[in-house]
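Here's the structure, in structure tokens; my notes come after.
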Amino acid sequence: ELGKAQEMATSALREFERIGASEAHLGCLDAHYLLALLSLHQGEVGIVERELGQAAELAQLCQDTTRETIIQAFQGIQTAYHDLPLAIERWQLHFQTEANNFTPAIAASANEFLAYSASFSGNFGQAGAYGIQAYDFALQSGQVRRAISIASNIGDSFNSLNDHQSALQWMQLSLDLARSMAWPASIGNCLTQMAETLRRLGRLDTAKDMLNEALPLVAVMPDSRWHLMALRYLGDLLLDQGEHFAALDCFSELQQGADRKCQHDFRIGARRGRAHALSFLGRPQEALAVANEALQLVTESRDNYRKIDILRVLASIHNRHNLVMPPDTPLATDTASAA
């Protein structure tokens, strides 16, 4: 219930600001942090950055190192989504130092950032290892919601390692924890990630059932990353089922939402999916145009991991339609460099 939550958080912030005394600074800090989290679920990336910046200033003013580290990890993860090299340069060494901090809340945040940066770099084994530590520290510090999210991400790392059985174990752990708390949004996110695992195992009908259960739960937050992720996974499932027109519609909806809210990774993923669908529908020139848009996005963001994915899409389009690749295209240049 994001609207009601935002009203309450804003009201609390105004009351702490009215008090104005130094003892109210922590209240303002927590309110700004909560508003950042709520803005994240509404896809308001700019507001997230602003609220986190204000929270970080207050954490320094209060000399609260635990809150400061948690805020920095939040900032670092958000930066990694659109500029991974910058996030690593700014925070990697700091969080490697804090990964074994004696305060579990600090260690949980540090390891969560390191898990994200490793995953975005394509180091999925390392991402899983950091994620397991983050999960344990999150539970030790009572951060159940964070633990649910981390467990799903650990499963995603195992998926990327093609260890889908281990992925399912972590997804089930995450889903069981979410159901025990009866949190609809968390349950929807867990179902979405488990559906993707089942898709990779070829269990398409079961995956579709899970997505059908998940989508109404996350659709109440239409601009959230959870809803965008559900659309991406549904699009991939529809491609696997040969429903190319439906897949194209799904990825088009994803692209509109991702572009509107500047969700960089989903902007790339939507175009990757649209290019696949257009190619399967016998529309190679449109597919090439969309795939080259994605290639431009990954080049601008220096996202080498996703760049490999887009290069594969472009190669598959050329192969499927027997297209001649002009020597001055970005694909030809990158292929030559790789050779």
Practice item. Please express the shape of region 109-198 as an equivalent ellipsoid: the semi-axes are the square roots of 5 times the eigenvalues of the C-alpha gyration tensor, given largest first in whole angstrom. Key: 19, 16, 9
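Evaluated at 25 °C with a viscosity of 0.890 mPa s, what Stokes-Einstein diffusion coefficient in µm²/s does region 1-122 have when Rh comes from the Kirkwood expression over alpha-carbon pairs?
164 µm²/s
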Point to revise | Dipole in debye (nearest 20) - region 199-337, about Cα centre, beta carbon charges: Lys, Arg +1; Asp, Glu -1 | key: 220 debye
Exercise for review: Might you report the magnitude of the Cβ-based charge dipole of the chain about its Cα centre, with Lys and Arg at +1 and Asp and Glu at -1, to the nearest 20 debye?
Suggested key: 600 debye
Practice item. Identify which of Val298, Val313, Val220 has the largest mean-square fluctuation in a Gaussian network model of the chain, with springs joining Cα atoms closer than 10 Å. Key: Val220
**Study point:** Charge dipole of region 104-202 about the Cα centre (unit charges at C-beta), most positive-ward option of Asn153, Tyr116, Leu175
**Key:** Leu175
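Under a Cβ-Cβ cut-off of 10 Å, what is the net charge of the residues other than Ser186 that fall near it, where Lys and Arg count +1 and Asp and Glu count -1?
My count for the surroundings of Ser186 gives +2.
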Exercise for review: Note down the nm distance, to one decimal, between modelled labels 7 Å out along Cα→Cβ at Gln172 and at Arg14.
Suggested key: 4.9 nm
**Study point:** Percent RCO, i.e. relative contact order, over region 1-110, from Cα pairs under 8 Å lying at least 6 residues apart
**Key:** 18 percent
Exercise for review: May I ask for the net charge around Val48, where only other residues with Cβ less than 14 Å from the Cβ of Val48 are counted and Lys, Arg are +1 while Asp, Glu are -1?
Suggested key: -1
Revision key, fill the gap. Lys and Arg at +1, Asp and Glu at -1: neighbours of Val144 with Cβ under 15 Å from its Cβ sum to 0
Revision key, fill the gap. For Kirkwood radius over Cα pairs in Å, with candidates (1) 21.0; (2) 20.4; (3) 19.8, the value calculated from the shown model is option (1)
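Within the chain, which whole H helices from DSSP have a Cα span along their axis of at least 15 Å and a mean Kyte-Doolittle hydropathy of 0.0 or more, if any?
Going by DSSP H runs, the hits are 25-41, 45-62, 104-120, 124-140, 144-160, 204-218, 225-240, 284-301.
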Review point. Does region 132-180 classify as rounded, prolate or oblate by the C-alpha gyration tensor (a ≥ b ≥ c root eigenvalues; a/c under 1.5 gives rounded; else a/b over b/c gives prolate, otherwise oblate)?
Key: oblate
Review point. In debye to the nearest 20, how big a dipole does region 161-248 give about its Cα centre with +1 on each Lys and Arg Cβ and -1 on each Asp and Glu Cβ?
Key: 120 debye
Check your understanding: Mind ordering 29-42, 283-296 by average Cβ neighbours within 10 Å, highest first?
Key -> 29-42, 283-296
Check your understanding: Among all the lysines, which ones have a C-alpha under 25 Å from Lys261's C-alpha, if same-chain residues fewer than 8 places away are not counted?
Key -> Lys4, Lys307
Check your understanding: By how many nm would the segment from Thr103 to Ala289 grow when fully extended, if each residue of separation counts as 0.36 nm and the alpha-carbon distance is taken off?
Key -> 61.9 nm
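Read-outs: derived from the displayed coordinates by stated rules, not from any lab. No experiment lies behind these values; they were computed from the predicted model shown. In this analysis, Cβ positions are derived from the backbone assuming ideal geometry, glycine residues included, and neighbour counts consider all displayed protein chains.
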